[in-house]
Amino acid sequence: MDMPTFDELKELAQRDPEGFERLRAELIEDCIRRSSECNQRRLRGLQFVIEARRRVARNPMKALLDIQGMMYDSLISLQQALLDQQGRCASPLPKNARVLHFRPPVSSVD
């Protein structure tokens, strides 16, 4: 399935929100289906969690921030795993090296 442009998605979301949600679900399913079999179960689980966060959020901005937080947590876990692996397989980081952490701004959307 071809990916519509941002402007096409925006126009569809404004004109036909239900149609937009159907297309969104189809595009996500298509992406999962095209992934390797060993990744499909994990992707479906992740999509389930994302959909649950969207449902319980009080508004779209809260959903966005919740999902962004999930992504941030995942990135930090990956960073830590890479640093741990580096410590086992390579020389340690120099003493003056710093690990930079992005802290998303605190939102008053709650």
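The values are calculated or read from the model by the stated rules, or taken from the named source; none is laboratory data. Here the structure is a predicted model, which means the values were calculated and not measured. Cβ placement follows ideal geometry from the backbone for every residue including glycine, while neighbour counts extend to all protein chains displayed. Heavy atoms of the whole protein, side chains included, go into the accessibility calculation; ligands, DNA and RNA do not. Shrake-Rupley method; radii C 1.70, N 1.55, O 1.52, S 1.80 Å.
Structure summary
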{"quantity": "Residue in segment 76-84 that is modelled with pLDDT of 90 or more, charged (D, E, K, R) and either assigned to a helix (DSSP H, G or I) or touching a Lys or Arg at 6+ places or on another chain (Cβ under 6 Å) (or both) present", "calculated": "no"}
{"quantity": "Output for segment 39-85, where each listed residue is within 17 Å of GLU21 (Cα to Cα), open to solvent by 60 Å² or more (accessible area, probe 1.4 Å), free of Cβ contacts under 8 Å to residues at least 12 places away in the same chain and within 14 Å of the chain's Cα centre (by Cα)", "calculated": "PHE48, LEU64"}
{"quantity": "Unique match (being exposed (fewer than 11 other Cβ atoms within 10 Å of the Cβ), modelled with pLDDT under 95 and not in a loop (DSSP other than H, G, I, E, B)) among ARG88, ARG103, ARG98", "calculated": "ARG88"}
{"quantity": "GLU8 vs. criteria without any contact (Cβ under 8 Å) to a residue 12 or more places away in the chain and surrounded by 11 or more Cβ atoms within 10 Å (Cβ to Cβ)", "calculated": "yes"}
